[in-house]
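The values are calculated or read from the model by the stated rules, or taken from the named source; none is laboratory data. What you are looking at is a predicted structure, and each value in this text was computed from that prediction instead of being measured. Virtual Cβ from ideal backbone geometry, glycine too; neighbours counted across all protein chains shown. Keep in mind that these areas ignore ligands, DNA and RNA; they rest on the heavy atoms of the full protein, side chains included. Shrake-Rupley method; radii C 1.70, N 1.55, O 1.52, S 1.80 Å.
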Amino acid sequence: MSNNLMTVPLIIRGKLIENYELEFGGRNGGVVFTAPDVSKYVSELTLSAPSKLADLYSLKFAEIADYLAELGERLVFERNEYMQAAFELGRSTSGLSESLLRERFALMPRMFSREEAYHTAERSCGLDFLEGWVDQTGSRQPGTSGFVRAFGARAVHIIAGNVPEVSAITVLRNAITRSDGIIKTPSNDPLTAAAFARTMIEMAPDHPLSKHISVAYWKGGDESVEQAIYDPRRIEKIIAWGGFNSIKHITRYLQPGIDLVTLDPKLSSTIIGKEAFVDGDTLASVARRLALDIGYFNQEACTSARVVYVESGTDEEGVARCARLGELTFEALQNLPENVSTPHKDFDRELKEEIDNVRMLDDDYTVYGGRGSEGAIIVSHEAEPVDFSRRLTCRVANLVPIDDLDTAIRSVNAYTQTIGIFPEGLKHELRDRLAFQGAQRLVSLGGASLLKGGTQRQDGIETVRRMCRWIVDETGDSAYLENYANSEPVAENV
(Lines give C-alpha, C1' and ligand atoms only; values in the text may rest on other atoms or scores of the structure.)
Protein backbone atom coordinates (compact mmCIF):
# COMPACT_ATOMS: atom_id res chain seq x y z
CA MET A 1 0.00 0.00 0.00
CA SER A 2 1.49 3.34 -1.09
CA ASN A 3 2.65 5.67 1.69
CA ASN A 4 1.35 8.82 -0.06
CA LEU A 5 -2.31 7.77 -0.17
CA MET A 6 -4.88 9.99 1.52
CA THR A 7 -5.83 8.66 4.94
CA VAL A 8 -9.32 8.73 6.46
CA PRO A 9 -9.40 8.00 10.20
CA LEU A 10 -12.09 6.22 12.17
CA ILE A 11 -13.38 8.29 15.09
CA ILE A 12 -15.41 6.68 17.86
CA ARG A 13 -16.66 8.98 20.62
CA GLY A 14 -13.48 10.94 21.13
CA LYS A 15 -11.14 8.11 20.18
CA LEU A 16 -9.04 8.50 17.03
CA ILE A 17 -8.20 5.23 15.25
CA GLU A 18 -5.53 5.42 12.55
CA ASN A 19 -4.92 1.76 11.77
CA TYR A 20 -5.17 2.17 7.99
CA GLU A 21 -5.73 -1.32 6.62
CA LEU A 22 -8.17 -0.99 3.72
CA GLU A 23 -7.92 0.89 0.44
CA PHE A 24 -10.90 2.57 -1.21
CA GLY A 25 -11.42 4.46 -4.46
CA GLY A 26 -13.09 7.88 -4.33
CA ARG A 27 -15.57 9.14 -6.92
CA ASN A 28 -14.90 11.59 -9.72
CA GLY A 29 -11.15 12.25 -9.53
CA GLY A 30 -10.28 8.60 -8.99
CA VAL A 31 -8.69 9.49 -5.65
CA VAL A 32 -7.72 6.48 -3.58
CA PHE A 33 -7.65 6.63 0.22
CA THR A 34 -7.03 4.26 3.10
CA ALA A 35 -9.13 3.79 6.21
CA PRO A 36 -9.38 1.42 9.19
CA ASP A 37 -11.38 -1.78 8.85
CA VAL A 38 -14.62 -0.73 10.56
CA SER A 39 -15.79 -4.34 10.92
CA LYS A 40 -13.16 -4.80 13.64
CA TYR A 41 -14.68 -2.00 15.72
CA VAL A 42 -18.44 -2.54 15.39
CA SER A 43 -18.86 -3.44 19.06
CA GLU A 44 -17.37 -0.04 19.98
CA LEU A 45 -19.08 1.92 17.22
CA THR A 46 -22.59 1.68 18.61
CA LEU A 47 -23.55 2.92 22.07
CA SER A 48 -24.03 -0.25 24.12
CA ALA A 49 -27.03 1.02 26.08
CA PRO A 50 -29.45 3.90 25.55
CA SER A 51 -29.02 4.88 29.19
CA LYS A 52 -25.53 6.08 28.25
CA LEU A 53 -27.17 9.13 26.67
CA ALA A 54 -27.74 10.40 30.22
CA ASP A 55 -24.60 12.54 30.31
CA LEU A 56 -26.04 14.68 27.53
CA TYR A 57 -28.96 15.52 29.80
CA SER A 58 -26.67 17.02 32.39
CA LEU A 59 -26.26 19.89 29.89
CA LYS A 60 -28.51 22.91 29.66
CA PHE A 61 -29.23 24.06 26.13
CA ALA A 62 -27.23 27.23 26.81
CA GLU A 63 -24.16 25.03 27.36
CA ILE A 64 -24.83 23.22 24.07
CA ALA A 65 -25.09 26.55 22.26
CA ASP A 66 -21.85 27.77 23.86
CA TYR A 67 -20.07 24.58 22.80
CA LEU A 68 -21.29 24.90 19.21
CA ALA A 69 -20.28 28.57 19.07
CA GLU A 70 -16.76 27.76 20.19
CA LEU A 71 -16.62 24.90 17.69
CA GLY A 72 -17.58 27.30 14.90
CA GLU A 73 -14.73 29.61 15.87
CA ARG A 74 -12.27 26.72 15.68
CA LEU A 75 -13.54 25.62 12.26
CA VAL A 76 -12.34 28.78 10.53
CA PHE A 77 -10.62 27.45 7.43
CA GLU A 78 -7.36 29.39 7.69
CA ARG A 79 -6.74 28.07 11.22
CA ASN A 80 -7.96 24.47 10.94
CA GLU A 81 -5.69 21.88 9.38
CA TYR A 82 -8.45 19.25 9.28
CA MET A 83 -10.77 21.51 7.30
CA GLN A 84 -7.88 22.27 4.97
CA ALA A 85 -7.26 18.54 4.40
CA ALA A 86 -10.97 17.97 3.66
CA PHE A 87 -10.88 20.84 1.18
CA GLU A 88 -7.78 19.47 -0.55
CA LEU A 89 -9.43 16.08 -1.02
CA GLY A 90 -12.63 17.77 -2.18
CA ARG A 91 -10.74 19.59 -4.92
CA SER A 92 -10.37 16.19 -6.59
CA THR A 93 -13.55 14.39 -5.57
CA SER A 94 -16.26 17.06 -5.30
CA GLY A 95 -18.53 18.09 -8.15
CA LEU A 96 -17.95 21.68 -7.03
CA SER A 97 -15.17 23.71 -8.60
CA GLU A 98 -12.39 25.00 -6.35
CA SER A 99 -13.84 28.51 -5.97
CA LEU A 100 -17.26 27.16 -5.01
CA LEU A 101 -15.80 24.61 -2.62
CA ARG A 102 -13.66 27.26 -0.96
CA GLU A 103 -16.75 29.42 -0.45
CA ARG A 104 -18.64 26.53 1.18
CA PHE A 105 -15.79 25.88 3.63
CA ALA A 106 -15.53 29.58 4.43
CA LEU A 107 -19.24 29.80 5.27
CA MET A 108 -19.64 26.62 7.34
CA PRO A 109 -18.37 27.99 10.68
CA ARG A 110 -21.33 30.40 10.74
CA MET A 111 -23.69 27.44 10.92
CA PHE A 112 -22.52 26.82 14.49
CA SER A 113 -23.27 30.25 15.89
CA ARG A 114 -25.17 30.53 19.16
CA GLU A 115 -28.04 32.24 17.35
CA GLU A 116 -28.26 29.46 14.78
CA ALA A 117 -28.40 26.81 17.50
CA TYR A 118 -31.31 28.51 19.25
CA HIS A 119 -33.07 29.21 15.96
CA THR A 120 -32.77 25.59 14.81
CA ALA A 121 -33.95 24.22 18.15
CA GLU A 122 -36.96 26.52 18.36
CA ARG A 123 -38.07 26.15 14.76
CA SER A 124 -37.52 22.40 14.50
CA CYS A 125 -38.85 21.01 17.78
CA GLY A 126 -39.47 23.82 20.22
CA LEU A 127 -36.77 24.56 22.76
CA ASP A 128 -39.05 23.78 25.69
CA PHE A 129 -39.54 20.20 24.46
CA LEU A 130 -35.77 19.71 24.13
CA GLU A 131 -35.10 21.14 27.58
CA GLY A 132 -37.75 19.42 29.66
CA TRP A 133 -41.24 18.02 30.07
CA VAL A 134 -43.92 20.23 28.52
CA ASP A 135 -47.50 20.22 29.84
CA GLN A 136 -49.87 19.03 27.11
CA THR A 137 -52.86 18.40 29.35
CA GLY A 138 -56.19 18.42 27.55
CA SER A 139 -59.73 18.75 28.89
CA ARG A 140 -61.33 15.53 27.65
CA GLN A 141 -60.62 13.56 30.83
CA PRO A 142 -61.00 15.62 34.03
CA GLY A 143 -58.29 15.05 36.61
CA THR A 144 -55.71 13.80 34.11
CA SER A 145 -52.51 15.43 32.92
CA GLY A 146 -49.97 14.78 30.18
CA PHE A 147 -46.39 15.87 29.60
CA VAL A 148 -44.17 15.42 26.53
CA ARG A 149 -40.41 15.63 26.06
CA ALA A 150 -38.18 15.22 22.99
CA PHE A 151 -35.33 12.81 23.71
CA GLY A 152 -32.36 12.08 21.50
CA ALA A 153 -31.68 8.70 19.95
CA ARG A 154 -28.86 6.42 18.94
CA ALA A 155 -28.66 7.09 15.21
CA VAL A 156 -26.69 6.30 12.07
CA HIS A 157 -26.45 9.13 9.56
CA ILE A 158 -25.69 8.03 6.01
CA ILE A 159 -24.80 11.39 4.51
CA ALA A 160 -24.45 12.73 0.98
CA GLY A 161 -21.28 14.30 -0.37
CA ASN A 162 -22.62 16.68 -3.01
CA VAL A 163 -22.01 19.68 -0.73
CA PRO A 164 -19.89 19.73 2.47
CA GLU A 165 -22.63 21.46 4.50
CA VAL A 166 -24.38 18.11 4.89
CA SER A 167 -21.71 17.13 7.43
CA ALA A 168 -22.18 20.40 9.31
CA ILE A 169 -25.97 20.01 9.38
CA THR A 170 -25.61 16.49 10.76
CA VAL A 171 -23.23 17.50 13.57
CA LEU A 172 -25.46 20.45 14.49
CA ARG A 173 -28.65 18.37 14.60
CA ASN A 174 -26.97 15.62 16.60
CA ALA A 175 -25.92 18.14 19.26
CA ILE A 176 -29.25 19.97 19.43
CA THR A 177 -31.24 16.76 19.87
CA ARG A 178 -28.76 15.37 22.44
CA SER A 179 -28.30 12.24 20.33
CA ASP A 180 -25.53 9.73 19.81
CA GLY A 181 -24.57 9.90 16.14
CA ILE A 182 -22.58 7.61 13.89
CA ILE A 183 -21.84 9.43 10.62
CA LYS A 184 -21.18 7.16 7.66
CA THR A 185 -19.25 9.37 5.26
CA PRO A 186 -19.48 9.20 1.44
CA SER A 187 -16.50 8.29 -0.70
CA ASN A 188 -16.54 11.70 -2.41
CA ASP A 189 -16.30 13.53 0.93
CA PRO A 190 -14.88 11.26 3.62
CA LEU A 191 -13.01 13.97 5.53
CA THR A 192 -15.35 16.90 6.25
CA ALA A 193 -17.32 15.19 9.02
CA ALA A 194 -14.04 13.82 10.39
CA ALA A 195 -12.68 17.40 10.46
CA PHE A 196 -15.57 18.45 12.70
CA ALA A 197 -15.13 15.47 15.02
CA ARG A 198 -11.34 15.92 15.31
CA THR A 199 -11.81 19.60 16.10
CA MET A 200 -14.35 18.68 18.79
CA ILE A 201 -11.88 16.23 20.36
CA GLU A 202 -9.10 18.81 20.43
CA MET A 203 -11.43 21.48 21.80
CA ALA A 204 -13.13 19.47 24.57
CA PRO A 205 -12.14 15.79 24.61
CA ASP A 206 -14.25 14.90 27.65
CA HIS A 207 -17.33 16.96 26.83
CA PRO A 208 -20.51 14.87 26.34
CA LEU A 209 -21.04 16.29 22.84
CA SER A 210 -17.53 15.22 21.84
CA LYS A 211 -18.20 11.79 23.31
CA HIS A 212 -21.38 11.22 21.33
CA ILE A 213 -20.17 11.67 17.75
CA SER A 214 -18.49 8.97 15.67
CA VAL A 215 -17.34 9.19 12.06
CA ALA A 216 -16.59 6.18 9.90
CA TYR A 217 -16.14 5.20 6.29
CA TRP A 218 -17.08 1.78 5.08
CA LYS A 219 -18.20 0.65 1.65
CA GLY A 220 -21.98 0.68 1.43
CA GLY A 221 -23.34 -2.86 1.53
CA ASP A 222 -20.54 -4.25 3.72
CA GLU A 223 -22.58 -6.81 5.66
CA SER A 224 -19.82 -7.40 8.19
CA VAL A 225 -20.49 -3.84 9.39
CA GLU A 226 -24.14 -3.23 8.60
CA GLN A 227 -25.62 -6.44 9.97
CA ALA A 228 -23.95 -5.66 13.28
CA ILE A 229 -24.99 -2.02 13.66
CA TYR A 230 -28.44 -1.94 12.03
CA ASP A 231 -29.96 -3.68 15.03
CA PRO A 232 -32.67 -2.16 17.30
CA ARG A 233 -30.64 -3.21 20.31
CA ARG A 234 -27.87 -0.89 19.08
CA ILE A 235 -29.61 1.99 17.26
CA GLU A 236 -33.08 3.52 17.05
CA LYS A 237 -32.79 5.75 13.97
CA ILE A 238 -31.25 5.68 10.48
CA ILE A 239 -31.14 9.04 8.70
CA ALA A 240 -30.24 8.34 5.09
CA TRP A 241 -29.37 10.87 2.40
CA GLY A 242 -29.32 8.23 -0.31
CA GLY A 243 -30.50 7.32 -3.79
CA PHE A 244 -33.01 4.62 -4.67
CA ASN A 245 -30.54 1.73 -4.61
CA SER A 246 -28.93 2.64 -1.29
CA ILE A 247 -32.29 3.22 0.41
CA LYS A 248 -33.62 -0.07 -0.95
CA HIS A 249 -30.53 -1.77 0.42
CA ILE A 250 -31.01 -0.28 3.90
CA THR A 251 -34.62 -1.47 4.06
CA ARG A 252 -33.29 -5.03 4.32
CA TYR A 253 -32.33 -4.25 7.89
CA LEU A 254 -35.53 -2.55 9.00
CA GLN A 255 -37.54 -4.14 11.78
CA PRO A 256 -39.63 -2.93 14.71
CA GLY A 257 -37.50 -0.58 16.79
CA ILE A 258 -35.62 1.08 13.90
CA ASP A 259 -37.04 4.23 12.32
CA LEU A 260 -35.75 5.06 8.82
CA VAL A 261 -35.77 8.75 7.91
CA THR A 262 -35.07 9.15 4.20
CA LEU A 263 -33.73 12.32 2.61
CA ASP A 264 -33.53 10.87 -0.87
CA PRO A 265 -32.40 12.79 -3.97
CA LYS A 266 -35.07 15.01 -5.49
CA LEU A 267 -35.47 16.97 -8.70
CA SER A 268 -36.41 20.64 -8.72
CA SER A 269 -38.10 22.69 -11.40
CA THR A 270 -39.38 26.15 -12.28
CA ILE A 271 -42.66 27.71 -13.40
CA ILE A 272 -42.53 31.09 -15.15
CA GLY A 273 -45.79 32.88 -15.86
CA LYS A 274 -46.64 34.99 -18.89
CA GLU A 275 -45.92 38.13 -16.84
CA ALA A 276 -42.20 37.54 -17.56
CA PHE A 277 -42.76 38.86 -21.11
CA VAL A 278 -44.40 42.15 -20.17
CA ASP A 279 -41.27 44.10 -21.21
CA GLY A 280 -37.57 43.67 -21.90
CA ASP A 281 -36.38 44.71 -18.46
CA THR A 282 -38.66 42.21 -16.73
CA LEU A 283 -37.52 39.42 -19.04
CA ALA A 284 -33.85 40.22 -18.37
CA SER A 285 -34.49 40.17 -14.60
CA VAL A 286 -36.30 36.84 -14.86
CA ALA A 287 -33.37 35.42 -16.85
CA ARG A 288 -30.85 36.50 -14.21
CA ARG A 289 -32.91 34.97 -11.41
CA LEU A 290 -33.45 31.77 -13.37
CA ALA A 291 -29.70 31.50 -14.03
CA LEU A 292 -29.15 31.69 -10.28
CA ASP A 293 -31.54 28.79 -9.65
CA ILE A 294 -29.83 26.71 -12.33
CA GLY A 295 -26.23 27.59 -11.61
CA TYR A 296 -25.97 27.87 -7.83
CA PHE A 297 -23.83 25.02 -6.42
CA ASN A 298 -23.08 24.23 -10.10
CA GLN A 299 -26.45 22.43 -10.16
CA GLU A 300 -25.12 19.84 -7.69
CA ALA A 301 -27.92 20.38 -5.16
CA CYS A 302 -31.42 18.87 -5.08
CA THR A 303 -32.73 22.45 -5.05
CA SER A 304 -31.19 23.26 -8.45
CA ALA A 305 -33.59 24.00 -11.30
CA ARG A 306 -33.52 21.59 -14.22
CA VAL A 307 -36.78 21.67 -16.20
CA VAL A 308 -38.33 25.14 -16.58
CA TYR A 309 -41.97 25.48 -17.68
CA VAL A 310 -42.55 28.81 -19.42
CA GLU A 311 -46.04 30.19 -20.08
CA SER A 312 -44.98 31.65 -23.42
CA GLY A 313 -47.37 29.77 -25.67
CA THR A 314 -46.44 26.99 -28.08
CA ASP A 315 -47.18 28.69 -31.41
CA GLU A 316 -44.30 30.11 -33.42
CA GLU A 317 -44.30 33.40 -31.56
CA GLY A 318 -44.54 31.65 -28.19
CA VAL A 319 -41.57 29.39 -28.91
CA ALA A 320 -39.60 32.45 -30.02
CA ARG A 321 -40.41 34.16 -26.71
CA CYS A 322 -39.27 31.08 -24.80
CA ALA A 323 -36.09 30.91 -26.88
CA ARG A 324 -35.32 34.55 -26.12
CA LEU A 325 -35.61 33.78 -22.41
CA GLY A 326 -33.29 30.83 -22.96
CA GLU A 327 -30.73 33.00 -24.71
CA LEU A 328 -30.78 35.60 -21.93
CA THR A 329 -30.60 32.91 -19.26
CA PHE A 330 -27.53 31.33 -20.87
CA GLU A 331 -25.83 34.73 -20.99
CA ALA A 332 -26.68 35.35 -17.33
CA LEU A 333 -25.38 31.91 -16.41
CA GLN A 334 -21.98 32.78 -17.88
CA ASN A 335 -21.88 36.00 -15.83
CA LEU A 336 -22.61 34.53 -12.39
CA PRO A 337 -19.85 35.28 -9.81
CA GLU A 338 -17.27 32.52 -9.46
CA ASN A 339 -18.18 32.01 -5.80
CA VAL A 340 -21.73 31.16 -6.97
CA SER A 341 -21.21 29.16 -10.17
CA THR A 342 -18.48 28.20 -12.63
CA PRO A 343 -18.09 25.96 -15.68
CA HIS A 344 -18.24 22.41 -14.40
CA LYS A 345 -14.83 20.87 -13.86
CA ASP A 346 -15.97 17.33 -14.80
CA PHE A 347 -18.73 17.73 -17.38
CA ASP A 348 -20.87 14.61 -17.82
CA ARG A 349 -19.76 13.00 -21.09
CA GLU A 350 -23.02 11.18 -21.70
CA LEU A 351 -24.96 14.40 -21.13
CA LYS A 352 -22.65 16.16 -23.62
CA GLU A 353 -23.56 13.53 -26.22
CA GLU A 354 -27.27 14.08 -25.53
CA ILE A 355 -26.83 17.85 -26.02
CA ASP A 356 -24.98 17.29 -29.30
CA ASN A 357 -27.76 15.00 -30.50
CA VAL A 358 -30.62 17.43 -29.78
CA ARG A 359 -28.60 20.29 -31.32
CA MET A 360 -28.96 18.49 -34.66
CA LEU A 361 -32.77 18.38 -34.26
CA ASP A 362 -33.15 22.09 -34.89
CA ASP A 363 -36.83 21.74 -35.79
CA ASP A 364 -37.49 20.44 -32.30
CA TYR A 365 -34.93 22.21 -30.10
CA THR A 366 -32.83 25.36 -29.83
CA VAL A 367 -29.60 24.93 -27.86
CA TYR A 368 -27.57 27.73 -26.33
CA GLY A 369 -24.07 26.71 -25.24
CA GLY A 370 -23.10 23.13 -24.51
CA ARG A 371 -20.00 23.24 -26.69
CA GLY A 372 -17.65 22.72 -23.76
CA SER A 373 -18.11 22.80 -20.00
CA GLU A 374 -19.90 26.17 -19.87
CA GLY A 375 -23.37 24.66 -19.41
CA ALA A 376 -26.33 24.87 -21.76
CA ILE A 377 -29.93 25.93 -22.13
CA ILE A 378 -32.05 23.59 -24.25
CA VAL A 379 -35.31 25.12 -25.46
CA SER A 380 -37.99 22.62 -26.47
CA HIS A 381 -40.24 23.66 -29.35
CA GLU A 382 -43.18 21.67 -27.96
CA ALA A 383 -44.64 21.35 -24.47
CA GLU A 384 -42.49 18.34 -23.59
CA PRO A 385 -39.16 18.18 -21.76
CA VAL A 386 -36.23 16.30 -23.27
CA ASP A 387 -36.29 12.57 -22.60
CA PHE A 388 -33.09 12.85 -20.54
CA SER A 389 -34.45 15.55 -18.25
CA ARG A 390 -33.80 13.53 -15.09
CA ARG A 391 -30.08 13.56 -15.90
CA LEU A 392 -29.71 17.31 -16.40
CA THR A 393 -26.70 18.54 -14.45
CA CYS A 394 -23.48 20.53 -14.97
CA ARG A 395 -25.49 23.78 -15.41
CA VAL A 396 -27.76 22.38 -18.14
CA ALA A 397 -31.47 23.23 -18.08
CA ASN A 398 -34.43 22.60 -20.38
CA LEU A 399 -36.96 25.39 -21.04
CA VAL A 400 -40.37 24.02 -22.03
CA PRO A 401 -42.98 26.36 -23.58
CA ILE A 402 -46.56 25.79 -22.43
CA ASP A 403 -49.96 27.23 -23.29
CA ASP A 404 -51.44 26.87 -19.82
CA LEU A 405 -50.15 26.22 -16.33
CA ASP A 406 -51.94 22.87 -15.96
CA THR A 407 -49.12 21.29 -17.98
CA ALA A 408 -46.57 22.43 -15.41
CA ILE A 409 -48.75 21.37 -12.49
CA ARG A 410 -49.25 17.86 -13.91
CA SER A 411 -45.46 17.43 -14.17
CA VAL A 412 -45.09 17.65 -10.38
CA ASN A 413 -44.89 14.45 -8.32
CA ALA A 414 -43.41 13.05 -5.11
CA TYR A 415 -39.90 13.36 -6.56
CA THR A 416 -40.28 17.12 -6.92
CA GLN A 417 -38.57 19.07 -4.17
CA THR A 418 -38.25 22.79 -4.92
CA ILE A 419 -40.18 24.84 -7.47
CA GLY A 420 -39.06 28.39 -8.23
CA ILE A 421 -41.99 30.51 -9.39
CA PHE A 422 -42.43 33.89 -11.10
CA PRO A 423 -44.31 36.13 -10.47
CA GLU A 424 -44.93 36.05 -6.71
CA GLY A 425 -48.70 36.16 -7.09
CA LEU A 426 -48.57 33.01 -9.20
CA LYS A 427 -46.86 31.17 -6.33
CA HIS A 428 -49.75 32.00 -4.00
CA GLU A 429 -52.26 31.02 -6.68
CA LEU A 430 -50.71 27.60 -7.36
CA ARG A 431 -49.29 26.53 -4.01
CA ASP A 432 -52.19 24.35 -2.86
CA ARG A 433 -52.45 22.56 -6.21
CA LEU A 434 -48.70 21.99 -6.33
CA ALA A 435 -48.73 20.62 -2.78
CA PHE A 436 -51.48 18.15 -3.73
CA GLN A 437 -49.28 16.92 -6.59
CA GLY A 438 -46.31 16.30 -4.30
CA ALA A 439 -44.22 19.49 -4.36
CA GLN A 440 -42.34 20.03 -1.10
CA ARG A 441 -40.99 23.58 -1.30
CA LEU A 442 -42.09 26.65 -3.24
CA VAL A 443 -39.82 29.68 -3.54
CA SER A 444 -39.52 32.99 -5.32
CA LEU A 445 -37.60 32.62 -8.58
CA GLY A 446 -33.89 32.95 -7.82
CA GLY A 447 -34.22 31.71 -4.26
CA ALA A 448 -34.11 27.93 -4.76
CA SER A 449 -30.72 27.54 -3.07
CA LEU A 450 -30.47 30.92 -1.35
CA LEU A 451 -33.64 31.17 0.74
CA LYS A 452 -33.40 29.36 4.09
CA GLY A 453 -36.51 30.50 5.93
CA GLY A 454 -38.02 27.03 6.31
CA THR A 455 -35.00 24.75 6.22
CA GLN A 456 -36.03 22.82 9.33
CA ARG A 457 -38.54 21.23 6.98
CA GLN A 458 -36.89 19.12 4.33
CA ASP A 459 -38.34 16.83 1.67
CA GLY A 460 -41.81 17.35 3.08
CA ILE A 461 -40.95 16.24 6.62
CA GLU A 462 -39.64 17.79 9.83
CA THR A 463 -36.30 16.01 9.94
CA VAL A 464 -35.14 17.12 13.39
CA ARG A 465 -38.45 16.13 14.97
CA ARG A 466 -38.11 12.71 13.35
CA MET A 467 -34.63 12.38 14.83
CA CYS A 468 -36.12 12.62 18.31
CA ARG A 469 -38.07 10.13 20.40
CA TRP A 470 -41.19 11.88 21.69
CA ILE A 471 -41.89 10.50 25.16
CA VAL A 472 -45.22 10.93 26.92
CA ASP A 473 -45.85 11.03 30.70
CA GLU A 474 -49.55 10.81 31.62
CA THR A 475 -51.08 10.99 35.09
CA GLY A 476 -54.67 10.03 35.92
CA ASP A 477 -56.81 10.91 38.96
CA SER A 478 -56.80 7.82 41.18
CA ALA A 479 -60.54 7.99 41.90
CA TYR A 480 -61.29 8.29 38.19
CA LEU A 481 -59.16 5.24 37.39
CA GLU A 482 -60.55 3.23 40.31
CA ASN A 483 -64.08 3.91 39.14
CA TYR A 484 -63.21 2.27 35.83
CA ALA A 485 -61.88 -0.76 37.68
CA ASN A 486 -64.97 -1.19 39.92
CA SER A 487 -67.85 -0.37 37.59
CA GLU A 488 -68.82 -0.46 33.97
CA PRO A 489 -67.36 2.71 32.52
CA VAL A 490 -69.03 4.91 29.99
CA ALA A 491 -67.61 4.32 26.53
CA GLU A 492 -65.31 7.08 25.31
CA ASN A 493 -63.91 8.01 21.94
CA VAL A 494 -60.17 7.52 21.71
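Anything in the range 444-470 that is among the hydrophobic types (A, V, I, L, M, F, W, C) and open to solvent by less than 60 Å² (accessible area, probe 1.4 Å)? List them, or say none.
So in the range 444-470, the residues among the hydrophobic types (A, V, I, L, M, F, W, C) come out as 445, 448, 450-451, 461, 464, 467-468, 470.
Across the range 444-470, the qualifying residues are Leu445, Ala448, Ile461, Val464, Met467, Cys468.
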Determine whether the range 115-132 contains at least one residue that is open to solvent by less than 70 Å² (accessible area, probe 1.4 Å), among the hydroxyl-bearing types (Ser, Thr, Tyr) and modelled with pLDDT under 95.
-> yes
Starting from the range 388-402, take each residue that is at pLDDT 95 or above and list its partners that are hydroxyl-bearing (Ser, Thr, Tyr) and not in a strand (DSSP E or B), counting only C-beta distances under 7 angstrom and pairs at least six apart or across chains.
-> Arg395/Ser341; Asn398/Ser389; Pro401/Ser312; Pro401/Thr314; Ile402/Thr314
All positions within the range 417-443 that are under 23 Å from the mean Cα position of the chain (by Cα) and either open to solvent by less than 30 Å² (accessible area, probe 1.4 Å) or aliphatic (A, V, I, L, M) (or both) | Gln417, Thr418, Ile419, Gly420, Ile421, Leu434, Ala435, Gly438, Ala439, Leu442, Val443
Within the range 268-289, the count of residues that are touching a strand residue (DSSP E or B) at 6+ places or on another chain (Cβ under 9 Å), open to solvent by less than 10 Å² (accessible area, probe 1.4 Å) and over 12 Å from Pro423 (Cα atoms) comes to 1
Among Ala69, Ala62, Ala49, the single one that is among the aliphatic types (A, V, I, L, M), surrounded by fewer than 20 Cβ atoms within 10 Å (Cβ to Cβ), under 29 Å from Ala121 (Cα atoms) and in contact (Cβ under 8 Å) with a residue 24 or more places away in the chain is Ala69
Within the range 255-289, residues under 21 Å from Ile235 (Cα atoms) and over 22 Å from the mean Cα position of the chain (by Cα) come out as Gln255, Pro256, Gly257
So which of Ser2, Ser39, Ser58, Ser94 is modelled with pLDDT under 95 and more than 25 Å from the chain's Cα centre (by Cα)?
-> Ser2
Of (1) under 26 Å from the mean Cα position of the chain (by Cα); (2) closer than 26 Å to Ser312 by Cβ, Lys345 satisfies all except one. Which?
-> (2)
Of all residues making up the range 364-385, the number that are of a type outside the set (Gly, Ala, Ser) and either under 15 Å from Thr270 (Cβ atoms) or modelled with pLDDT under 95 (or both) | 4
The lone condition Glu23 fails out of (1) in contact with a strand residue (DSSP E or B) (Cβ under 6 Å, 6 or more places away or on another chain); (2) loosely packed, with under 14 Cβ neighbours inside 10 Å; (3) over 30 Å from His344 (Cβ atoms) is (3)
Selection status of Gly313, more than 25 Å from Arg410 (Cα to Cα), in a loop (DSSP other than H, G, I, E, B) and either out of contact with any helix residue (DSSP H, G or I) (no Cβ under 7 Å at 6 or more places or on another chain) or touching a residue at least 12 places away in the same chain (Cβ under 8 Å) (or both) = no
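Given the structure, is Arg289 among the basic types (Lys, Arg), part of a helix (DSSP H, G or I) and closer than 24 Å to Leu434 by Cα? Give the steps one after another, and end with the answer.
Numbers: among the basic types (Lys, Arg): yes; part of a helix (DSSP H, G or I): yes; closer than 24 Å to Leu434 by Cα: yes.
Here the answer is yes, as Arg289 does meet what is asked.
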Taking the range 345-400 only, how many residues are over 29 Å from Ala414 (Cβ atoms) and touching a strand residue (DSSP E or B) at 6+ places or on another chain (Cβ under 6 Å)?
-> 6
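Out of all the residues in the range 133-151, which are hydroxyl-bearing (Ser, Thr, Tyr), open to solvent by 40 Å² or more (accessible area, probe 1.4 Å) and over 24 Å from Phe61 (Cβ atoms)?
Ser139
Closer than 17 Å to Lys211 by Cα and touching a helix residue (DSSP H, G or I) at 6+ places or on another chain (Cβ under 7 Å): does that describe Ala69? If you could, list the steps in order and put the result at the bottom.
Working: closer than 17 Å to Lys211 by Cα: no; touching a helix residue (DSSP H, G or I) at 6+ places or on another chain (Cβ under 7 Å): yes.
When the stated conditions are applied, Ala69 does not pass them.
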